[in-house]
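Structure first, then comments.
Every read-out reported here was derived from the displayed coordinates using simple, explicitly stated rules and does not represent laboratory data. Computed from a predicted model, the values in this text were never measured in an experiment.
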Amino acid sequence: MESRTNKVHFKTFKAGKFWLVSGITLAALGGSFTISGVGVHADEINGQPVSAAKDTTPTTDVSTNKVAEATPAQQQVIDDAQKDVDQDNRDIAKNQDDTAKEQANNDDLNNQTANKRDDVNKAQDASDKANDQVNKDQDAVDDATPDGYDDVQNAKN
């Protein structure tokens, strides 16, 4: 008697914390799909192949993208939507302009505040100098006062 052993091969893959196990038969099935002859077709519009070199810049102008078979009701919806988009674009431009004006006004106010701070600092410096001078003058008066006179009243006497 002959004994035959079947060997089963598995391939393991790590996905995050988990190990995935794949048998050889799964790989064979995957390969058969690629060989089966399923055709791949390029994009076509109205039976014409689409060129990859065409400019694909998006546009908001719906009128250039109108469908030839649009019914009058559909065309009205498209036109209304285009009017809404145009109005929104005008609103955005106005808001951006208003924002720029407000930013310029804010910058002017910040400059004025900085100038006022400089003026306050200069005034404080002048006040400090005047106080220093008063203190020096007071020291000079105190030095000129004869000994034994503690106050002005005693000096008069």
Fully extended contour minus Cα-Cα distance, from Q103 to T71, at 0.36 nm per residue
6.8 nm
Which length gain, in nm to one decimal place, applies between K14 and N131 when the Cα-Cα distance is subtracted from 0.36 nm times their residue separation?
34.1 nm
Full-extension gain between R117 and D142, please, as 0.36 nm times their residue separation minus the C-alpha to C-alpha distance.
5.3 nm
